[in-house]
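All remarks here apply to the structure that follows.
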Amino acid sequence: MPERKMKIAGWRHLLAGLALLCLAVPGPRAAEVRGRVEIDHTGLFGVDASVRQFPVSVALIPAAGQRVRRGRAKTHRIEIRDNRLWPAFMTVRKGDSVVFVNRDPVFHEIFSLSTGKALEARLDKAGASSQSSHRFRLKQPGVTHFFCRIHNKSYARIDVVDTPYVRMVEPGKPFEFTGIAPGTWTLRLASPAAETRRVRVTALTSPPLITLHLMSRGGGNGPRDTLQQSSVEGLFE
């Protein structure tokens, strides 16, 4: 019996030593991607304060074989006010839903144009019934354009990406993705009236802030009333 107890005690000491060794050896640390996106305006005229500052969509796309935490699908909201859709641009992940809510005292007939299945809904007047809102689930990655058959100024562009890592930021403002696996990823950058661009980046521990650029498809000047909503053709990709 004493010999058996000694063997058990020896095994306990060995296991305790292995546990301490595991704690002492650092495991792979979570990585980050940090940066900001600038919009480069072109044209014959200089950029002035009336330029519409649309948000920039930043989506981090994993490389093949990388495991990511998908999380739960989200629901986003677009309101129809003064015959316009607000916001007029957003990026969501595949499987998310978008609810269109009519705040106008008139009917709207929403329909989509995209490479996937066409979507449509007739929205009742604001507050008239439960039919004054409608939910769409977006399952197909790509760019979907929403219009109203009745009002030609009602338009929204929704980009759908197959990644849970999405940020909507103002041009020039910083963005970051933290707690991700180290290695190579792809940033998808998009903004209305500008190009859509993909950039390969490397996720590192404590990385430097990178500055990325999108080229505007228009000039640098515009009327004051475009600060709230651009024309439909300006938003089209």
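The values are calculated or read from the model by the stated rules, or taken from the named source; none is laboratory data. Just so you know, these numbers come straight off a predicted model, no measurement behind them. Heads up, the Cβs are rebuilt from the backbone with ideal geometry, glycines too, and the neighbour counts pull from every protein chain shown.
Go through the range 105-122 and count every residue that is of a type in the set (Asp, Glu) and touching a Leu at 6+ places or on another chain (Cβ under 9 Å).
Residues that pass the stated criteria total 1.
(1) outside any loop (DSSP other than H, G, I, E, B); (2) at pLDDT below 95; (3) under 22 Å from residue 86 (Cβ atoms): which one isn't true of residue 156, the others all being true?
Here residue 156 meets the rest and fails (2).
Might you check whether a residue that is in contact with a Ser or Thr (Cβ under 7 Å, 6 or more places away or on another chain), exposed (fewer than 14 other Cβ atoms within 10 Å of the Cβ), β-branched (Val, Ile, Thr) and assigned to a strand (DSSP E or B) occurs anywhere in the range 166-178?
There is no residue in the range 166-178 that is in contact with a Ser or Thr (Cβ under 7 Å, 6 or more places away or on another chain), exposed (fewer than 14 other Cβ atoms within 10 Å of the Cβ), β-branched (Val, Ile, Thr) and assigned to a strand (DSSP E or B).
From the list 59, 63, 128, which one is at pLDDT below 95 and assigned by TED's automatic domain parsing to the domain that holds residue 182?
63
Just checking, does the range 137-150 include any residue being of a type in the set (Ser, Thr, Tyr), surrounded by 13 or more Cβ atoms within 10 Å (Cβ to Cβ), in a loop (DSSP other than H, G, I, E, B) and in contact with a Leu (Cβ under 8 Å, 6 or more places away or on another chain)?
No: the range 137-150 contains no residue that is of a type in the set (Ser, Thr, Tyr), surrounded by 13 or more Cβ atoms within 10 Å (Cβ to Cβ), in a loop (DSSP other than H, G, I, E, B) and in contact with a Leu (Cβ under 8 Å, 6 or more places away or on another chain).
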